[in-house]
Each structure stands twice: as structure tokens, then as C-alpha cells.
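Asker: One structure, pasted below without further comment.
The values are calculated or read from the model by the stated rules, or taken from the named source; none is laboratory data. None of these values were measured; they are calculated from a predicted model. Cβ coordinates were reconstructed from backbone atoms using ideal geometry, including for glycine residues, and neighbour counts include every protein chain displayed.
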């Protein structure tokens with residue numbers, strides 16, 4: 001379930017290689033049932049704005065926001081990191097490692113919620129190294 005089988009067909013010098021790999025990981029997650037169709041659209045919308053306005057995640061305000069987020073996780077009494085289908089498709093190992101490093105719980109928190117998607121995302125996280133150091137909490141509507 002977790003892996004990257006697309007690197008073989010994308011030329012290493014392709015100018016949008018990283019973008020294509022991201023797209024393929026999201027499509028894999030969609031085909032496997034844990035990325036919502038709306039998640040594909042949301043990612044595409046964000047990427048479109050990146051192209052149109054030249055947005056970059058590596059900017060001084062973005063780096064400051066990243067540091068503030070890490071500080072909040074490190075100083076929280078009960079830190080929790082929410083995971084949706086896109087996160088599970090794109091960075092499952094990294095999110096499990098982040099939770100371990102900051103002693104946070106992981107929760108599957110879905111807007112387009114089905115029990116099947118929750119279980120699939122939980123499986124992706126477990127295959128990515130989720131063990132006893134993190135507690136998987138599935139959010140339920142009130």
C-alpha cells in the first residue's frame with residue numbers, strides 16, 4: 001500500500017517530476033479507497049495557485065509558521081496530529097515519525113468520512129510504522 005512505483009516512468013530530469021510523483025501517490029490513494037475525490041481536487045487547486053502566483057513553501061513566513069507549529073506540539077500537554085487521506089497518501093512515514101518525535105497522538109479526521117476510509121488510513125499508518133508510541137484515535141461525529 002505504501003510505496004512509490006512511479007519513479008521508473010518519470011524521467012529524472014523532468015521539470016515537474018516531484019509534482020507528477022505527488023499526483024500519482026494521490027491517485028494511488030484514491031484507487032485504494034482512502035483519498036477522497038475532493039482531496040484530489042483540493043490538491044490540484046492548491047498546485048494551480050502555486051503555478052499562477054509563484055507561491056513557494058520555502059519562504060521566511062512559511063519557515064516561521066513551521067517553527068511555531070513544532071513549538072506548539074512540543075509544549076502541548078496532549079498533542080494530537082490529524083491525518084486525512086492526502087496526508088496518508090503523501091507522507092505516511094513522516095507523519096508517524098513526527099508523532100513519535102513530539103510524543104503526539106495521531107487521529108484520523110475526515111470530512112468525507114466512511115468507516116472504510118478510516119480503516120484504510122489506519123492500515124496505511126500502521127504499515128508506515130505506527131506502533132505503541134502513538135495512539136490512533138478515530139474522530140466520530142457528535
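Asker: Are any residues in the stretch 74-85 in contact with a helix residue (DSSP H, G or I) (Cβ under 8 Å, 6 or more places away or on another chain) and surrounded by fewer than 22 Cβ atoms within 10 Å (Cβ to Cβ), and if so, which ones?
Answerer: First, the residues of the stretch 74-85 that are in contact with a helix residue (DSSP H, G or I) (Cβ under 8 Å, 6 or more places away or on another chain): 79, 81, 83-85.
Correct list: 79, 81, 84.
Asker: Another question, then. Out of the residues in the stretch 84-133 that are outside any helix (DSSP H, G or I), under 27 Å from residue 24 (Cβ atoms) and in contact with a strand residue (DSSP E or B) (Cβ under 8 Å, 6 or more places away or on another chain), which is modelled with the lowest pLDDT?
Answerer: At the first step, the residues of the stretch 84-133 found to be outside any helix (DSSP H, G or I) are 84, 91, 102-114, 128-133.
Restricting the remaining residues to those that are under 27 Å from residue 24 (Cβ atoms) gives 84, 91, 106-114, 128-130.
After this cut, where a residue has to be in contact with a strand residue (DSSP E or B) (Cβ under 8 Å, 6 or more places away or on another chain) as well, the list is 84, 106-109, 130.
Numbers: 84: 93, 106: 92, 107: 90, 108: 90, 109: 87, 130: 91.
Within the stretch 84-133, the match that is modelled with the lowest pLDDT is 109.
Asker: Take the stretch 59-77 and flag every residue that is assigned to a loop (DSSP other than H, G, I, E, B) and either at pLDDT below 95 or farther than 12 Å from residue 103 by Cα (or both).
Answerer: Within the stretch 59-77, 59 is the sole residue that qualifies.
Asker: Only one of (1) farther than 25 Å from residue 110 by Cβ; (2) at pLDDT 85 or above fails for residue 56. Which number is that?
Answerer: (2)
Asker: For residue 81, work out the one condition from (1) in a helix (DSSP H, G or I); (2) closer than 26 Å to residue 21 by Cβ it doesn't fulfil.
Answerer: (1)
Asker: Which of the residues spanning the stretch 13-34 are modelled with pLDDT of 85 or more and in a loop (DSSP other than H, G, I, E, B)?
Answerer: 13, 33, 34
Asker: Given the conditions (1) in a helix (DSSP H, G or I); (2) touching a residue at least 40 places away in the same chain (Cβ under 8 Å); (3) buried (at least 16 other Cβ atoms within 10 Å of the Cβ), and given that residue 42 satisfies all but one, which numbered condition is not satisfied?
Answerer: For residue 42, the failing item is (3).
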